[in-house]
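Comments concern the structure below.
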Amino acid sequence: VIAVLWSFIYHPTIGLLNGFLTGIGLTQFANFPWLGDRGTVFGAVLAMVVWQSVGFYMVLFVAGMQGIPPEYYEAAEIDGATSWVKFWSVTVPLLWDTIRTAIVFLAIGAMDLFAQVQVMTNGSGGPSRAADVVPTYLYQTAFSDGQFGYATAMGLVLLILVFILSVLSLRFTARETLEY
């Protein structure tokens, strides 16, 4: 649904983005094809994905920060800590498990943008397949080219890559768990 909404926002003639840019005097964007230009299609899809994801990560981090007892901040203030020192010495260490979770979700999400790219580029991957990601290429290989074995092998490699990326991100961000 979000990809369809953003497809309308990026539409060259009736799109909200081009209307806004033209309204503020940038007339060169009057009929600019954001999803039809090789140089902008991937950035346009990426902007939509960022917009779509911000709310989830905001809730994740706000919930984590609300779980930090205020006594730690009060103790840091009594010790004369500045805002930056409190952030790096209190907030980040106590949010580390939340940060690790967010990194794994980001890694997995980055490998799977199939639905967004498929909907926003009408299944074409954009001009010259500029917005193609591995899952859309896999889909095209299987269902357009009929190479199901090759597509299955790509899917298996993608699964292994996501698993390795998840394990590495968890391993490299491992620290002693702080309890409060």
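Could you please let me know if GLY126 is open to solvent by less than 40 Å² (accessible area, probe 1.4 Å) and under 19 Å from the mean Cα position of the chain (by Cα)?
yes
Output the number of residues of the range 22-53 satisfying the condition of being in a helix (DSSP H, G or I) and open to solvent by less than 60 Å² (accessible area, probe 1.4 Å).
Adding up the residues that qualify gives 10.
List every residue pair whose Cβ atoms sit under 6 Å apart, with the two residues 6 or more apart in sequence or on different chains, where the first one lies in the range 1-28 and is within 27 Å of SER53 (Cβ to Cβ) and the second, anywhere, is open to solvent by 70 Å² or more (accessible area, probe 1.4 Å).
ILE2/GLN52; ILE9/LEU16; PRO12/ASN31
Of all residues in the range 130-180, count the ones that are over 15 Å from ALA110 (Cα atoms), in contact (Cβ under 8 Å) with a residue 60 or more places away in the chain and open to solvent by less than 40 Å² (accessible area, probe 1.4 Å).
2
Can you tell me which residue within the range 97-122, out of those that are of a type in the set (Gly, Ala, Ser) and open to solvent by less than 30 Å² (accessible area, probe 1.4 Å), is nearest to MET65 (Cα to Cα)?
ALA102
Of all residues in the range 67-96 being open to solvent by 80 Å² or more (accessible area, probe 1.4 Å) and within 27 Å of the chain's Cα centre (by Cα), which is nearest to GLY55 (Cα to Cα)?
My answer is PHE87.
The values are calculated or read from the model by the stated rules, or taken from the named source; none is laboratory data. All figures in this text were calculated on a predicted structure; none of them were measured in a lab. Every residue, glycine among them, receives a Cβ derived from its backbone with ideal geometry; neighbour counts consider all protein chains shown. Each accessible area value is taken on the protein alone, full model and side chains, heavy atoms only, with ligands, DNA and RNA left out. Shrake-Rupley method; radii C 1.70, N 1.55, O 1.52, S 1.80 Å.
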